[in-house]
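Just so it is clear, none of the values below were taken in a lab; they were calculated from the coordinates. The model shown is predicted, which means the values in this text are computed figures rather than measured ones.
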Amino acid sequence: MKYLIDKLEVTGSLTKEEFVLLLNYTSPALSEYLFEKSRKTAGKYFENHVYTRGLIEFTNYCKNDCLYCGIRAGNRNAERYRLSKDEILSCCADGYALGFRTFVLQGGEDCAYSDSDIADIISDIKEHYPDCALTLSIGEKEDESYRLIYEAGADRYLLRHETANAAHYGLLHPKRQTLENRKRCLYALKKIGYQVGTGFMVGSPFQTTECLAEDLLFIKELSPQMIGIGPFIPHHDTPFAHQAQGSLERTLFLIGILRLLIPNALIPATTALGTIDPMGREKGILAGANVVMPNLSPVKVRKKYELYDNKICTGEEAAECRSCLQNRMKSIGYKLVVDRGDFQPIN
Ligand code: SAH
């Protein structure tokens, strides 16, 4: 299978059949072969630098009912919260002092915020921190709303496609949520001018190797600036409570593939990866990732933004989250940098 990794490295992609073959014949030796290349590729574009994004989980109200997610509307046991604008700004103040130059506002699809409420929060943050990038991750909206929010100063948008196979998408979501609309959103965001991030869960229920091959081909086609993947982890109050968790090895292998697929992409070693293995984020960086996203949310709400069980970093202060990751990265020879960490096109 090494020849497929060589081909991926040289041509930047594979056919669907080749991806399926590669994913079906993984082994520890093949992973090492891949990671040597993916690490080298990351090093070529980013040296040993790791970018940080301060994650502010500002609401866990959600109108959607994604079957995998702990903050789905149908979960009556979730304790709901919203941060006020002042609370959000105070997270940014803490984050700025700690060296964050990107803030990510993430939340459920919360109808309490109108487009102009969101625009107002964004323009306030941008006014206080003009040298910072602002990323939103608040789900599916109309093109016009995305445009308004962009004009208010948002730079980037994260919206995982979750799975590029429409039938599989239908098994993870209620009927009213469609892959078609998710894709419409992603292309709209790109056209408006956002740096766009997409991605998927590894080992989500009913996922096949073909699904993953389709995910990779979709990502190649969309050509996003950021790609976030992490293992599926069951949440006890969802219909998928008893489904198996995604595999660490498979997630790492896919990070390696993504690095060769889009060599200059911004790829985080996600919190979910750190949740299923105590060294998950370090392993993610060593597989080719180059971003970490420490939690900047107020400690009092962290446990409530529970997308899956046993989520890490819910008990520490922002400062501890950053310095913990700084030490972790240092221990494997990498350096957290104080930088917006924008996508850099090749030439
Ligand atoms: N409402 C926003 C943010 C969603 S939460 C949106 O729709 O984009 C961010 C990501 O967490 C999701 O895209 C999903 O891929 C991931 N996630 C949700 N539940 C999960 C679970 N049980 N295990 C692992 N990842 C999960």
Practice item. Would you be so kind as to identify all helices of the chain, as entire DSSP H runs, whose Cα atoms reach 15 Å or more along the helix's own axis and whose mean Kyte-Doolittle hydropathy is at least 0.5? Key: 209-222, 248-261
Check your understanding: Normalised by the residues of the range 74-166, what does the relative contact order come to in percent, with Cα pairs under 8 Å and at least six apart?
Key -> 29 percent
Check your understanding: Between A164 and residues 5 or more places away or on another chain, which pairs have amide H atoms under 5 Å apart, with H built 1.01 Å from N, and which residues are they?
Key -> D215
Revision key, fill the gap. One computes Rg over Rh for the range 141-251 from alpha-carbon atoms, with the Kirkwood Rh, and obtains 0.99
**Study point:** Diffusion constant of the range 13-87 at 37 °C, which comes from Stokes-Einstein with the Kirkwood Cα-pair radius and 0.692 mPa s, µm²/s
**Key:** 190 µm²/s
Point to revise | Most mobile listed residue (P28, P224, P130) in the chain, GNM with C-alpha springs under 10 Å | key: P28
Check your understanding: Once you have the alpha carbon radius of gyration of the range 290-347, what is it after dividing by 2.2 N^0.38 Å, with N set to its residue count?
Key -> 1.36
Review point. Where does the chain land on Rg/Rh, using Cα atoms and the Kirkwood Rh?
Key: 0.93
Review point. To the nearest Å, what is the center-to-center distance of the range 134-183 and the range 203-260, using C-alpha atoms only?
Key: 17 Å
